[in-house]
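The structure appears right after this line, and notes come after that.
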Amino acid sequence: MRPLSTKLAAIAPSATIEITEKARKMQAAGTDVISLSIGEPDFPTPAHITEACIDALRRGETHYAPGKGIPELLKAIAEKIEQENKIPCTPDQVIVGCGAKDSIYEACEAVLSPGDETIILDPSWVSYEPCVQIAGGVPVHHPLNPETFQVDDNLLEKVTKKTRMIIVNTPSNPSGAILNQDSLQLVADICQDHDLIVLSDEIYEKLIYGKTHTSIGAFPGMEDRTITVNGFSKAYAMTGWRLGYAVASKEIIGYMNKVQQHTISHPTTFAMYGGVAALKGPQECIEEMRSEFERRRAFVLKSMDEMGLSYAPADGAFYAYVKVDGNDAEVANRWLEQGHVAVTHGSAFNHPGWVRISYAASMDRLKEAMSRISAVL
């Protein structure tokens with residue numbers, strides 16, 4: 001048989017999923033592995049969201065829906081974006097996808113022509129590069145400042161005639177760092193000066209500690225140059241629902257809708273009613289989870305200090321991004337094999353010498369995990 005796709009052959013599997021699967025196999029074999037490798041809240045989806053989905057099922061909302069999403073959800077997202085993110089938005093500037101990852105992929109397909117370059121700020125989430133590559137684009141990596149995890153003026157050196165897009169992620173996965181006003185303004189200025197688009201991944205915007213979130217799409221002149229991607233997985237503990245969305249100009253959304261029409265058609269119909277309940281219902285559930293993450297964050301960072309380990313500014317998300325000596329993949333493997341704690345090595349995020357620890361686990365498990373890590377250092 002002839003070889004399969006050479007394009008996909010060059011793309012690595014998701015490192016976070018691979019590590020999680022290895023941990024699960026060890027668990028299945030009887031090993032007590034504490035998995036701190038995946039970005040998933042360990043809380044149940046709030047009851048009012050689940051009930052809205054169940055009600056939708058009972059009403060028979062089990063058939064095809066409009067391709068971009070049900071009108072109620074498009075309207076709720078547009079209102080949220082205008083009120084919270086300060087980005088002008090109407091429902092026809094919104095598309096709902098199967099998770100934020102799906103929205104990012106569709107955005108890459110909509111914007112990039114073969115050979116177009118996309119600048120990715122490192123450390124970067126594992127799926128940005130593959131989404132760009134699958135869309136026929138060329139990923140160009142640019143490291144953030146190693147001390148501050150902010151954007152420096154030398155970002156301009158990566159811009160060429162082939163550059164089409166810059167990907168921004170704040171709060172960051174994996175580092176937890178938040179891009180400040182100066183960093184975002186620098187990106188905005190470059191995009192306007194060189195006619196570029198920015199894809200802004202803001203999935204962790206609700207999980208912030210002592211700082212505030214700013215959307216680059218709200219900057220003057222950026223409303224038509226920004227694709228703002230968000231979703232329900234992190235803030236509402238809805239990872240398995242596979243519900244995310246993108247907000248952009250009508251033209252970009254129209255192109256993304258072409259991709260959606262010929263791939264997923266639309267997100268699961270009854271799940272979208274849960275999304276409406278999430279945005280329009282009580283919001284106290286977010287603060288309850290955020291507050292607990294903040295408590296865990298304080299414990300994990302204190303543990304890192306006691307072990308003499310340095311880490312990135314952990315101002316958002318639910319990650320401690322820790323600097324390690326030696327080969328980071330070997331360190332992560334040793335922690336798993338000897339300490340039975342699963343973390344993700346920084347090389348997976350195009351950033352060798354670091355590991356990502358997710359504190360989306362109970363305090364009891366985190367205490368045991370820190371004890372185990374300390375023992376194998």
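Across the range 230-283, the number of residues qualifying as among the aliphatic types (A, V, I, L, M) and touching a Pro at 6+ places or on another chain (Cβ under 9 Å) comes to 6. Among the residues of the range 51-95, what is the count of those that are outside any loop (DSSP other than H, G, I, E, B) and closer than 23 Å to Ile252 by Cβ? Qualifying residue count, the range 51-95: 19.
Report, by residue number, each residue of the range 31-50 that is in a helix (DSSP H, G or I) and either surrounded by 14 or more Cβ atoms within 10 Å (Cβ to Cβ) or of a type in the set (Lys, Arg) (or both).
Initially, the range 31-50 is screened for residues in a helix (DSSP H, G or I), giving 47-50.
Scanning the range 31-50 gives His48, Ile49, Thr50.
The requirement of being buried (at least 24 other Cβ atoms within 10 Å of the Cβ) and touching a strand residue (DSSP E or B) at 6+ places or on another chain (Cβ under 7 Å) is satisfied by Ile178. Of the residues making up the range 204-230, those that are in a strand (DSSP E or B) and either open to solvent by 10 Å² or more (accessible area, probe 1.4 Å) or among the β-branched types (Val, Ile, Thr) (or both) number 5. Figure legend. Inter-residue proximity from the range 77-98: first residues more than 12 Å from Ala246 (Cα to Cα), second residues open to solvent by less than 60 Å² (accessible area, probe 1.4 Å) and assigned to a loop (DSSP other than H, G, I, E, B), beta-carbon distance below 7 Å, spacing 6+ or different chains. Indicated pairs: Glu82/Cys89; Asn85/Ser215; Lys86/Ser215; Ile87/Ser215. Considering only residues in the range 1-42 that are modelled with pLDDT of 90 or more and of a type in the set (D, E, K, R), the one that is farthest from Glu129 (Cα to Cα) turns out to be Asp32.
Screening the candidates Leu4, Leu8 for the property of being within 24 Å of Val126 (Cβ to Cβ) and either under 21 Å from the mean Cα position of the chain (by Cα) or in contact (Cβ under 8 Å) with a residue 40 or more places away in the chain (or both) yields one hit, Leu8. Once the range 105-135 is narrowed to residues that are assigned to a strand (DSSP E or B) and open to solvent by less than 20 Å² (accessible area, probe 1.4 Å), the residue that is nearest to Glu157 (Cα to Cα) is Ile119. Could you grab me the full set of residues in the range 16-30 that are open to solvent by less than 40 Å² (accessible area, probe 1.4 Å) and either out of contact with any Gly (no Cβ under 8 Å at 6 or more places or on another chain) or part of a loop (DSSP other than H, G, I, E, B) (or both)? Listed by number, the residues that qualify are Ile19, Thr20, Ala23, Met26.
Taking the condition part of a helix (DSSP H, G or I) and either of a type in the set (Val, Ile, Thr) or at positive phi (or both), does Ile373 pass? Taking the combined requirement at face value, the residue satisfies it.
Here the condition is being open to solvent by less than 30 Å² (accessible area, probe 1.4 Å) and either under 26 Å from the mean Cα position of the chain (by Cα) or at pLDDT below 95 (or both); of Ala76, Ala56, it holds for Ala76 alone.
Of all residues in the range 302-321, none are closer than 30 Å to His63 by Cβ and of a type in the set (Lys, Arg).
The helices (runs of 4 or more DSSP H) falling completely within the range 251-362 that include 1 or more residues that are within 30 Å of Leu73 (Cβ to Cβ) and open to solvent by less than 60 Å² (accessible area, probe 1.4 Å) map to 269-280, 284-307. Of everything in the range 234-249 that's in a loop (DSSP other than H, G, I, E, B) and closer than 20 Å to Pro91 by Cβ, which residue is most open to solvent (accessible area, probe 1.4 Å)? So, considering only residues that are in a loop (DSSP other than H, G, I, E, B) and closer than 20 Å to Pro91 by Cβ, the one most open to solvent (accessible area, probe 1.4 Å) is Ser249.
The values are calculated or read from the model by the stated rules, or taken from the named source; none is laboratory data. None of these values were measured; they are calculated from a predicted model. Cβ atoms come from the backbone with ideal geometry, glycine included; neighbour counts cover every protein chain shown. All accessible areas refer to the heavy atoms of the entire protein, side chains included, with ligands and DNA or RNA removed. Shrake-Rupley method; radii C 1.70, N 1.55, O 1.52, S 1.80 Å.
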